[in-house]
Amino acid sequence: MIFTSNNHPSLRFPKRETSRAIQSVLKDESAHSFRLSVVFVGSRTIRAINRRFLGHDYVTDVLAFPLGEEQEPGAQAELYINLDRAKSQARDYRVPFAEETRRLLIHGTLHLLGYSDASPRQKVRMTRREDFHLSRLSKSKK
């Protein structure tokens, strides 16, 4: 089950697209029983969350918080997606805003499933999985 809340003052991303992206990743990664809350926020809010809960005083694009063990049936988690960052990164990478937002949703979901990007090798592996999931989503829309 996926709950979506848009707390950004002006930018929006469709709830249906949010659920579709996350459900696709969960299915392909064989993780079916997550209860996930997705909150779309801006830079100020994500910086405050990052500082308060992780001790990092900077803006980031996505934060993922598992609220239980990933392998537990019915595991709960929260994803915070910074739509300000999605917009600026989309411009920087020359991709549509929706594609960059989907990438952040996928990235955060992969973190919740145990993927890490702490080392260069892990980052390459995670980026490949993101690309795989983005490609699958694009193909399923056609």
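The values are calculated or read from the model by the stated rules, or taken from the named source; none is laboratory data. Computed from a predicted structure; not experimentally measured. Positions of Cβ are generated from backbone atoms using ideal geometry, with glycine treated the same way; all protein chains shown enter the neighbour counts.
So here's what we get for this one:
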item	result
Residue within the stretch 54-71 that is modelled with pLDDT of 95 or more, among the polar types (S, T, N, Q), outside any strand (DSSP E or B) and more than 15 Å from Leu112 (Cα to Cα) present	yes
Breaking point among (1) modelled with pLDDT of 95 or more; (2) outside any helix (DSSP H, G or I); (3) not aromatic (Phe, Trp, Tyr), for Leu36	(1)
Boolean, Val124 is in a helix (DSSP H, G or I) and without any contact (Cβ under 8 Å) to a residue 24 or more places away in the chain	yes
Every residue from the stretch 21-51 that is buried (at least 17 other Cβ atoms within 10 Å of the Cβ), in contact (Cβ under 8 Å) with a residue 60 or more places away in the chain and not small (Gly, Ala, Ser)	Ile22, Val25, Leu26, Phe34, Leu36, Val38
Single residue of Thr45, Thr18 found to be at pLDDT 95 or above, within 15 Å of Arg102 (Cβ to Cβ) and part of a helix (DSSP H, G or I)	Thr18
Flag for Leu112 being within 19 Å of Ser5 (Cα to Cα), modelled with pLDDT under 95, aliphatic (A, V, I, L, M) and surrounded by 12 or more Cβ atoms within 10 Å (Cβ to Cβ)	yes
Hits in the stretch 104-142 - residues which are in contact with a Phe, Trp or Tyr (Cβ under 9 Å, 6 or more places away or on another chain) and basic (Lys, Arg)	Arg125, Arg129
